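Notes follow the structure.
What follows is calculated from the coordinates using simple rules that are stated; it is not laboratory data. Note that this is a predicted model, so its numbers are computed, not measured. Here Cβ is always computed from backbone atoms with ideal geometry, including for glycine, and neighbour counts include all displayed protein chains.
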Amino acid sequence: MVEKKKVAVIGAGVSGLAAAKAFKERGHAVTVIERSHALGGVWEPSRSYPDVQTQSPKDLYRYTGKPMPDHYPEWPKGPQVHAYLTDYAHENGLTPLVRYKTRVAAMERRADGCKGWTLDLEGGDGKAAKEDFDFVAVCTGQFSEKNILSHPGQETFEQAGGQVMHSSDYTDPATLKGKKVVVLGFSKSATDIAVNAVKSGAAAVTIVYLETVWRIPYFIGGLINFKRILYIRAQEKMFPGWGQSTLARLNHALAKPFVWANWRALESLLSIQLKLNKTGLRPKEPIERGINCSVPIVTPGFFDMVADGRIRAVQGTFDHYEPGTVVLTGGKRVVADMAILAVGWKLGVPFLPEEYRKKLVEPDGQYRLYRIIANPDLPDMGFVGFNSSFCTVLCAELAANWLVRYADGMLAHQPSAEEMNRNIDMMIEWKRKKRPAAGVYGGLCVAPYHFKHFDELLADMGARKKKRNPVAENLTPPNADAFARYLASTPQYRAA
Ligand SMILES: Cc1cc2nc3c(=O)[nH]c(=O)nc-3n(C[C@H](O)[C@H](O)[C@H](O)COP(=O)(O)OP(=O)(O)OC[C@H]3O[C@@H](n4cnc5c(N)ncnc54)[C@H](O)[C@@H]3O)c2cc1C
């Protein structure tokens with residue numbers, strides 16, 4: 001018999017909602033602890049920059065039980081995603097479980113001899129409290145701690161009327177009108193903000209980048225939705241994965257010339273479509289080597305604006321500020337009165353005690369997580385949504401369903417600590433030596449291996465249905481409705 005647990009879910013974003021639902025459905029008592037005043041995580045409107053929209057098409061950014069509304073566009077806007085998440089929480093009875101404006105400041109093992117953790121909670125009113133939980137699901141995402149960059153001279157730049165802000169603090173396009181804007185970074189948010197700055201009437205827009213990367217347009221060749229190419233199992237099979245059998249290795253060796261030609265053709269197509277040679281923004285690295293969660297989708301209009309000069313793209317990074325100017329490494333000067341730093345977020349679980357953090361993260365930053373969900377040396381806890389990808393909602397939902405079974409000892413194949421550590425070591429070795437691109441973000445990225453990851457999770461859970469017919473399975477993207485069926489085919493139970 002499975003005992004009912006008191007479960008803390010930390011974070012009320014996409015992953016926290018998936019975790020709350022999975023644990024609640026199995027009969028556990030769930031409290032969702034959220035430091036913000038509202039749910040949604042990165043989609044919470046006060047955290048989103050103007051014009052933000054998903055990179056994933058809407059059928060690949062949804063929970064299994066709830067399609068996005070028909071009237072939503074293929075790539076929904078931030079407020080639409082937020083409304084979808086709010087509805088999801090409401091429909092699944094999750095709203096009353098969320099405790100807002102409460103931050104988990106620290107956690108420690110329970111002193112009463114029971115399993116679980118004591119959380120140090122800080123309320124919005126500054127009041128602190130401690131509370132015991134039997135199990136903790138960490139759902140704090142990869143975008144919770146801003147990466148704050150400072151450069152010499154910032155104070156004098158600001159005293160002269162200049163402004164410096166992190167990309168997540170840019171929420172009002174009116175502030176850019178007539179300004180000379182410089183954006184640091186080359187991620188999706190950097191190019192989104194640069195384009196938004198042009199459209200908002202900025203007097204000049206410069207983007208400063210260290211390296212160019214391959215980007216994927218919403219429609220490859222202007223015609224084919226990228227999901228039909230980059231999200232399919234047939235494409236995924238072109239990437240040698242972990243734990244390959246001898247036969248699979250042989251197949252890869254035989255197919256190498258075709259795979260090579262496939263990638264070169266895609267590079268040529270993208271170079272023409274995105275004017276990469278004309279703008280000097282063609283990356284040097286072969287496209288297949290860098291495909292992972294950091295591959296951004298093209299911001300519509302970005303390359304055209306670089307080509308016609310509305311956006312100036314300069315290679316380098318900030319060295320220091322002077323009044324009215326940002327000076328780059330190498331001495332180039334950019335006249336500016338607003339600097340927006342699209343330099344991302346710091347990975348981490350800051351509230352975890354140091355001794356456990358050392359067990360979680362290797363000295364080179366690689367996370368020790370079995371299936372990117374649990375570590376046997378961190379008992380009574382797990383991580384949902386750390387398995388990020390191009391379809392993070394489905395990843396989070398599968399991880400949540402896996403985690404509750406793991407917590408309850410109800411996986412069809414419940415791994416031993418030794419087996420988990422052996423697998424973690426193998427995966428880290430593979431990321432370090434065979435596929436460095438899989439080591440980005442601490443190794444917490446399953447792209448482009450979505451199907452392989454999902455296959456493992458479903459097998460662990462004992463799903464009796466795991467695949468569609470071979471044509472659909474190989475040539476179409478992951479299908480959320482099919483995954484609903486796979487989850488329903490796993491052994492069901494309830495905690496008493
Ligand atoms: C602009 C943008 C666009 C994106 N587009 C896509 C896309 O198209 N496709 C895709 O797959 N992914 C996309 N992503 C990635 C996105 O992060 C994930 O899809 C997903 O939203 C992550 O959800 P999460 O719940 O794991 O994390 P988050 O959304 O970051 O939520 C974490 C929550 O934890 C809370 N929290 C953190 N620390 C604490 C604490 N100590 N105490 C209490 N609460 C805490 C935070 O306040 C937050 O609400 C995008 C990300 C961004 C920023």
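Numbers at a glance
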{"read-out": "Built amide H within the under 5 Å cut-off of Ala313, gap 5+", "value": "Ile207"}
{"read-out": "Listed pairs Lys58/Lys465; Lys179/Lys199; Lys130/Lys358; Lys237/Lys433 exceeding 21 Å between Cα atoms", "value": "Lys58/Lys465; Lys130/Lys358"}
{"read-out": "Three semi-axes of the equivalent ellipsoid, the range 1-97, Cα gyration tensor, whole Å, largest first", "value": "26, 15, 9"}
{"read-out": "Too-long pairs where the Cα-Cα distance tops 30 Å, listed order kept, from Lys6/Lys188; Lys188/Lys278; Lys21/Lys359; Lys66/Lys188; Lys5/Lys467; Lys346/Lys467", "value": "Lys6/Lys188; Lys5/Lys467; Lys346/Lys467"}
{"read-out": "Ellipticity estimate at 222 nm from DSSP helix runs (n ≥ 4, -39,500 (n - 2.57)) divided over the chain, nearest 500", "value": "-9000 deg cm²/dmol"}
{"read-out": "Volume in Å³ per residue [convex hull over Cα atoms, computed for the range 71-177]", "value": "215 Å³"}
{"read-out": "Under-5 Å amide H pairs with Thr325, H placed in peptide plane, nonlocal only", "value": "Ala336"}
{"read-out": "Highest-first arrangement of 114-125, 51-62, where packing means the average Cβ count within 10 Å", "value": "51-62, 114-125"}
{"read-out": "Residues Ser388, Ser15, Ser268, Ser489 arranged by fewest to most Cβ contacts within 10 Å", "value": "Ser268, Ser489, Ser388, Ser15"}
{"read-out": "Whole-number D in µm² s⁻¹ for the range 226-330, Kirkwood Cα-pair radius fed into Stokes-Einstein, 20 °C, 1.002 mPa s", "value": "126 µm²/s"}
{"read-out": "³J(HN,Hα) computed for each position of the range 52-69 - Karplus, 6.51 cos²θ - 1.76 cosθ + 1.60, integer Hz, glycine/proline x", "value": "4, 8, 5, 8, 7, x, 5, 6, 10, 9, 7, 7, 4, x, 8, x, 6, x"}
{"read-out": "Sequence-distant residues sharing a close amide H with Gln163 (under 5 Å, placed H)", "value": "Met338, Ala339"}
{"read-out": "Relative contact order [Cα under 8 Å, 6+ residues apart], the range 1-40, whole percent", "value": "50 percent"}
{"read-out": "Cα-based Rg and Dmax for the range 277-428, where Dmax is the largest Cα-Cα distance (Å)", "value": "21.9, 63"}
{"read-out": "Whole-Å semi-axes of the ellipsoid equivalent to the range 243-291 (Cα gyration tensor, √5λ, descending)", "value": "29, 11, 6"}
{"read-out": "Cα centroid separation - the range 451-495 against the range 79-145, whole Å", "value": "29 Å"}
{"read-out": "Rounded, prolate or oblate (a/c below 1.5 giving rounded, otherwise prolate when a/b exceeds b/c) for the range 21-61 by Cα gyration tensor", "value": "oblate"}
{"read-out": "Of Ala111, Pro45, Leu149, farthest towards positive along the dipole that unit charges on Lys, Arg, Asp, Glu beta carbons give the range 28-174", "value": "Ala111"}
{"read-out": "Descending Cα extents along the principal axes, the chain, whole Å", "value": "67, 63, 46"}
{"read-out": "Phi-based couplings in Hz for the range 319-332 (Karplus 6.51, -1.76, 1.60; Gly and Pro marked x)", "value": "9, 7, 9, 10, x, x, 8, 10, 9, 8, 4, x, x, 4"}
{"read-out": "For the range 336-384 and the range 255-328, distance of Cα centres in Å", "value": "29 Å"}
{"read-out": "Cα lying deepest toward the dipole's positive end in the chain, options Val327, Pro415, Ala129, charges on Cβ", "value": "Pro415"}
{"read-out": "Across Lys431/Lys452; Lys227/Lys256; Lys146/Lys180; Lys24/Lys452, pairs whose alpha-carbon gap is larger than 19 Å", "value": "Lys227/Lys256; Lys146/Lys180; Lys24/Lys452"}
{"read-out": "Kyte-Doolittle mean at least -1.0, axial Cα span of 24 Å or more - DSSP H helices of the chain", "value": "246-273"}
{"read-out": "Debye equation applied to the C-alpha atoms of the range 155-295, log10 I(q)/I(0) at 0.15, 0.19 Å⁻¹", "value": "-0.88, -1.18"}
{"read-out": "Average Cα contact separation per residue, the chain, under 8 Å, 6 or more apart, as relative contact order %", "value": "22 percent"}
{"read-out": "The range 19-153, relative contact order in percent, only Cα pairs under 8 angstrom and at least six apart counted", "value": "23 percent"}
{"read-out": "Karplus-derived 3J(HN,Hα), 6.51/-1.76/1.60, for each residue of the range 97-105, Hz, glycine and proline x", "value": "7, 8, 9, 7, 6, 10, 10, 7, 8"}
{"read-out": "For the range 338-492: rounded, prolate or oblate by the Cα gyration tensor [a/c cutoff 1.5]", "value": "oblate"}
{"read-out": "Dipole magnitude of the chain about its Cα centre (Cβ charges: Lys, Arg +1; Asp, Glu -1), debye to nearest 20", "value": "1320 debye"}
